[in-house]
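A.B. asks: Starting off with a structure, shown below.
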Amino acid sequence: MNKFDVLIIGSGLGGLITGVILSKEGYNVCVIEKQQHIGGCIQNFTRDNCIFDVGGHYIGGFEKGQNLYTFFNYLGIADKLNLRKLDVDCFDKIIFQNGENYSFAMGFENHKEKLLEKFPKENKAISDYLNKIRETCDKFPLYNLKKTDNPLMESIMHNDSFDNLLNGLTNNQKLKNVLSATNSLYAGIKEKSPFYMHALIMNSYIESSWRFVDGSSQLAVLLKKQIELNGGKVLTNHEALSFTFSDNCISSVNLKNKEPLFAQNFISNIHPTLTLKMIPDDKIRKAYRHRINSLENTIGMFTVYGVLEENSFTYINHNDYIFRDSNVWTAETYSSINYPEHCLMITPASSKSDKYADCVILMAYMNISDLSKWINTDIEKRGTDYKDFKDAKAQGLINFANKYYPDLKSKIKKYYTSTPLTYRDYTGTIDGSLYGISKDYKNLVKSVIFPKTHIPNLLMTGQNINLHGVLGVTIGSILTCSELIGIHPLINKIVSSN
Ligand SMILES: Cc1cc2nc3c(=O)[nH]c(=O)nc-3n(C[C@H](O)[C@H](O)[C@H](O)COP(=O)(O)OP(=O)(O)OC[C@H]3O[C@@H](n4cnc5c(N)ncnc54)[C@H](O)[C@@H]3O)c2cc1C
């Protein structure tokens, strides 16, 4: 009963998609999750009748025929998702606190036109920038559902930074700031972030942008259902602690307070560093362990989840990226004194109303080092000084957003908060990192994590393979499953199912 073809550790998006694909292809699959709820970063929580997203706030490329829709259609869930399309002429708004604002529109022509309205003399730079995005995306076969023999090596061919690329296109600093302003989508660092990450993410949102209605956990629930329909299992409250080996292969996974589970193959959806901790020293090469453990992770976020007075605040059908000044690359440069320096503001889509927002989410970067005082504490046991710290940060963030939306503060009747420690303890990301391992264009080879490990029956999946985000993790899951099914047959199946 406790022996499976494939045992997947972690029910984040990567674990669940991998589970659907493999169970669909006839494998007897079991996904285990340490928490009470599935989904990892795509789970929700409800407070005061409001549904808050932990991670997946918006997705791109979901019009029929676009890449994410095609992947999800193969998984059997595309038409079951309840989504709201963001404003076609403004899915993201870039706002500077002097009042200047810029709209990012859907559709490449529309996107260009909206930018040209604000930067009429920059036709060439804007056209070149958009062409570069499309050219770069074209070079990633899996992103375009094309067959490839060496999918992961695609990314390391694109070794230039976004900032270098912009500097080559224009001297207009304001245009450069605006085009870089959504860099929190990849926790961007000016001197490090590769252009290809920006291109893959922005291309998807420019194609089409959508919010989950009543939260992204619907995605996890639908995927779990598909696994079960295919005969697989998803077990919560099952925390993996370590692996037992038989010769050089894993034979079982040892669980906290439960009997071990046995399988032919194991897939880890948790951070590679944590996966390696489950493997005895003599089973993995020192150099590999050292390389993985030395990789840097992206910064975390501080979040305010505000409950709004009923029917008091108009629902905003776009995301607001608000900046204190012209510095839009704040991940490494933000100061905890002048906090925050930017804010991402989202009014989640609710089935209750499309006229009024019932809640608001405000986010700003926060480094784990700001929380060093509480680093050894557990959820709900961090003390009153932690609560005071969070309250002070929350007030700062609300006041910051209120400068642009002057009636916001008075409409927030209650709020909740989370810090990188919350993410560390709930989803198991190292230091509460937003998107896992960070990438440096100067050394992309180092940060590439292959699904295949040195253990013959252990694979990895999730945001550290390929790319983070709903689309990135979906493509990463395909890569992981291709190790068992073969990449060409899998792409054939995805394409022919649409
Ligand atoms: C604040 C925030 C906002 C985001 N916004 C967006 C967005 O708008 N759009 C977008 O596309 N992406 C967004 N993302 C990114 C996206 O949510 C993630 O890249 C993606 O969900 C990660 O999925 P994953 O499968 O890699 O891992 P995770 O979601 O981290 O899941 C890992 C799972 O493993 C479980 N686990 C850990 N250890 C164990 C163990 N020992 N035993 C068993 N289970 C274990 C965890 O509990 C968790 O459920 C956001 C992320 C964050 C943090």
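Readers should treat all values here as calculations from the given coordinates under stated rules, not as data from a laboratory. Predicted model, so just to flag it, every value in this text is computed and none were measured. Don't worry about glycine lacking a Cβ; one is built from the backbone with ideal geometry, like all the others, and counts go over all protein chains shown.
A.B. asks: Quick check: pseudo-label points 7 Å beyond the Cα along Cα→Cβ at residue 311 and residue 332, how many nm apart are they?
C.D. replies: 5.1 nm
A.B. asks: I've got another one for you. When we measure straight from the Cα of residue 112, which aspartates and glutamates land under 15 angstrom away, once same-chain ones fewer than 8 places off are left out?
C.D. replies: Hits, sequence-local ones excluded: 89, 92, 122, 128, 207.
A.B. asks: What pairs in 64/224; 139/283; 93/452; 24/452 have C-alpha atoms more than 32 Å from each other?
C.D. replies: 139/283; 93/452
A.B. asks: Okay, moving on. Could you line up 195, 104 from fewest to most neighbouring Cβ atoms inside 10 Å?
C.D. replies: Least to most surrounded, the residues fall as 195, 104.
A.B. asks: Counting pairs of Cα atoms in the chain, how many percent are more than 45 Å apart? Walk me through the numbers on the way to the answer.
C.D. replies: Numbers: 11000 of 123753 pairs.
Pairs farther apart than 45 Å: 9 percent.
A.B. asks: Regarding region 283-325, what is the average projected area of its C-alpha convex hull, in nm²?
C.D. replies: Mean orientational projected area (region 283-325, Cα hull): 7.2 nm².
A.B. asks: How many nm separate the modelled label positions at residue 110 and residue 241, each set 7 Å beyond the Cα in the direction of the Cβ?
C.D. replies: Result: 5.4 nm between the two label points.
A.B. asks: Quick test of your reading: applying the under-4.7 Å Cβ rule, which cysteines of the chain are isolated?
C.D. replies: 30, 41, 90, 137, 249, 343, 481
A.B. asks: For the chain, what is the charge dipole size about the Cα centre, in debye to the nearest 20, if Lys and Arg each add +1 at the Cβ and Asp and Glu each add -1 at the Cβ?
C.D. replies: For the chain, the charge dipole is close to 420 debye.
A.B. asks: Which of rounded, prolate, oblate describes region 253-338, given a ≥ b ≥ c as roots of the alpha-carbon gyration tensor eigenvalues and a/c under 1.5 marking rounded, otherwise prolate only if a/b is larger than b/c?
C.D. replies: Values: a/c = 3.67, a/b = 1.79, b/c = 2.06.
Verdict is oblate for region 253-338.
A.B. asks: What are the chymotrypsin sites (Phe, Trp or Tyr not before Pro) within region 269-336 that DSSP puts in a loop, where the Cβ has at most 11 other Cβ atoms within 10 Å?
C.D. replies: Taking region 269-336 and a limit of 11 other Cβ atoms within 10 Å, no loop chymotrypsin sites (Phe, Trp or Tyr not before Pro) are found.
A.B. asks: To the nearest 10 degrees, how steep is helix 13-24 against the longest Cα principal axis of the chain, on a 0 to 90 scale?
C.D. replies: Roughly 50 degrees between the two axes.
A.B. asks: Which value in deg cm²/dmol, rounded to the nearest 500, describes the helix-derived mean residue ellipticity at 222 nm for the chain, given -39,500 (n - 2.57) per DSSP H run of n ≥ 4 and division by the residue count? Let's see the in-between values first.
C.D. replies: Values: 17 runs with 170 residues, N = 498.
Result for the chain: -10000 deg cm²/dmol, rounded to the nearest 500.
A.B. asks: Between residue 483 and residue 372, what is the label-point separation in nm under the 7 Å Cα-to-beta-carbon projection?
C.D. replies: For residue 372 paired with residue 483, the spin-label model returns 3.7 nm.
A.B. asks: What full-extension length gain, to one decimal in nm, is calculated for residue 248 and residue 385 as 0.36 nm per residue of separation minus the Cα-Cα distance?
C.D. replies: Additional length available on full extension: 44.5 nm.
A.B. asks: Between residue 493 and residue 85, what FRET efficiency follows from the Cβ-Cβ distance if R0 is 30 Å, with the result rounded to 0.05?
C.D. replies: With R0 = 30 Å, the Cβ-Cβ based efficiency is 0.60.
A.B. asks: Out of region 144-216, which trypsin sites (Lys or Arg not before Pro) are coil in DSSP terms and have no more than 14 other C-beta atoms within 10 Å?
C.D. replies: Passing both the DSSP loop test and the Cβ count: 146, 147.
A.B. asks: Sort 425, 391 by Cβ crowding within 10 Å, fewest neighbours at the top.
C.D. replies: Ranking 425, 391 by Cβ neighbours within 10 Å, fewest first, gives 391, 425.
A.B. asks: Mind ordering 15-21, 30-36, 306-312 by average Cβ neighbours within 10 Å, highest first?
C.D. replies: So the peptides 15-21, 30-36, 306-312, ranked by packing, come out 15-21, 30-36, 306-312.
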